[in-house]
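Working notes, structure below.
What follows is calculated from the coordinates using simple rules that are stated; it is not laboratory data. Not measured: the values here are computed from a predicted model. Backbone-built Cβ (ideal geometry, glycine too); neighbour counts: all protein chains shown.
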Amino acid sequence: MAIINLALRSMWNRKLTASLTVIAIALSVTLLLGVEKVRNEARSSFANTISGTDLIVGARSGSVQLLLYSVFRIGNATNNISWQSYQEFAEHPKVKWTIPISLGDSHRGYRVMGTTDAYFEHYRYAKTHALEFSQGRAFDDVFETVLGAEVAEALGYQLGHEVVISHGLGNVGITQHKDKPFHVVGILKKTGTPLDRTVHVSLQAIEAIHLGWRGGTPRPSLKISTDQIRQLELQPKAITAFMVGLTSKISTFTVQRAINEYEEEALLAILPGVALQELWSMMSIAEQALLVISVFVVITGLIGMLTMILSSLNERRREMAILRSVGARPIHIFGLLVSEAGLLAAIGVVVGVVLLYALLFVAQPILESQFGLHISITMLSNYDFSLLAIIIAAGFIVGLVPALRAYKYSLADGMTIRI
């Protein structure tokens with residue numbers, strides 16, 4: 001304990017250089033833990049986006065591509081599915097429920113998704129959570145819409161506000177369906193998933209807004225009023241994809257094979273969990289690269305500490321000699337230098353953890369609102385503690401280098417005045 005107290009006093013006498021060393025280590029620790037936190041939370045957020053869905057069906061493409069555009073609203077489908085094909089599998093004896101979705105339009109940069117009441121009834125996220133409304137209800141009329149929490153918050157929409165859908169994607173739609181505005185009748189509670197950034201309408205609404213269009217452009221001669229539209233059946237001709245819930249998990253692979261081998265149309269059925277694992281395997285290289293960069297930052301911080309101690313060692317030779325003259329043995333000098341390095345690393349780790357949580361408190365609402373990524377503020381995991389223990393141990397090991405040099409200094413060498 002005496003060595004620790006002496007090391008603390010020695011560091012206090014050199015508080016400027018010691019503080020800079022602690023800051024360097026703290027920043028490296030914050031980066032390392034921050035990368036791990038974001039990586040784990042991103043995985044958790046992706047995994048929590050969809051639960052309880054046995055299969056996702058779309059036009060034949062790649063499994064990851066189908067998962068991204070149908071669940072995460074990233075990218076576009078290579079093709080649509082005919083309504084007849086969808087109905088055939090929706091009526092399959094082993095299928096309990098289906099959720100059809102239609103994508104392709106947007107509103108001020110947010111994706112518009114056409115679906116049915118089954119979406120609000122059967123969709124689950126975060127294992128068992130059902131969709132809930134913070135305001136209003138589900139759409140009932142062709143020109144009613146339900147907004148995700150982020151859409152309503154970012155655009156300042158409330159119940160009754162008018163929403164004009166744009167044809168295609170982008171922050172500013174090239175062509176807008178101004179003649180067929182929608183009215184907000186519901187706002188979903190925040191889920192921390194891409195649902196928060198989605199504008200929900202009925203499948204009939206997707207058909208309705210494109211009446212009077214040919215080749216992706218409006219034709220004034222074919223214009224039809226909203227009252228006339230409400231009198232039409234508006235059965236969809238095609239959808240983008242659909243989600244499937246089965247009567248039994250045992251039949252998952254049987255139904256998947258039947259869809260993938262469907263002769264009438266080229267379809268692809270994927271298991272969401274398997275597709276997610278494939279996505280993570282594709283991203284593993286980037287994750288490892290980030291981890292390696294973080295580790296090198298920590299190593300840089302430790303090297304900076306070593307440089308600081310070594311550079312001050314020559315100036316402290318008289319200090320070491322005085323300690324020897326009052327009875328300190330070489331092993332005590334050795335322990336002093338090792339303790340200083342270890343304490344600097346330990347203090348840097350503590351400051352780094354505090355800085356990490358401070359940044360999390362500040363960044364959490366920003367990441368959630370801007371990127372839809374919810375970072376939960378929880379205790380450090382056992383893996384995090386093991387990383388911190390390794391950093392502290394590395395600090396003590398780094399301290400062996402200057403400690404061995406100081407150990408060799410003799411009392412006579414320390415008291416010698418060099419000209």
- Message: I'm checking a number: the convex hull volume of the Cα atoms of region 55-270, normalised per residue, in Å³. What is it?
- Response: 124 Å³
- Item | Within region 343-361: backbone nitrogen closer than 17 Å to the S386 label point (7 Å, Cα to C-beta) | none
- State the volume of the convex hull built on the alpha-carbon positions of region 104-193, expressed per residue in Å³ and rounded to an integer. 96 Å³
- Query: So how do E340, E233, E144 line up by other beta-carbon neighbours within 10 Å, fewest first?
  - Reply: E233, E144, E340
- Query: Which parts of region 102-130 would a label at R137 reach, counting a residue when its backbone N lies under 18 Å from a point 7 Å out along Cα-to-Cβ?
  - Reply: 116-122
- Item | Residue-count net charge about I347 - beta-carbon cut-off 12 Å; Lys, Arg +1, Asp, Glu -1 | 0
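Assuming R0 = 56 Å, what is the FRET efficiency of A393 and R230, from their Cβ-Cβ distance, to the nearest 0.05?
Working from the Cβ atoms, E equals 0.20.
In this model, which of K94/K189; K96/K249; K127/K249; K189/K249; K94/K127 are farther than 20 Å apart at the alpha-carbon?
Values: K94/K189 32 Å; K96/K249 11 Å; K127/K249 16 Å; K189/K249 30 Å; K94/K127 22 Å.
Violating the 20 Å limit, Cα to Cα: K94/K189; K189/K249; K94/K127.
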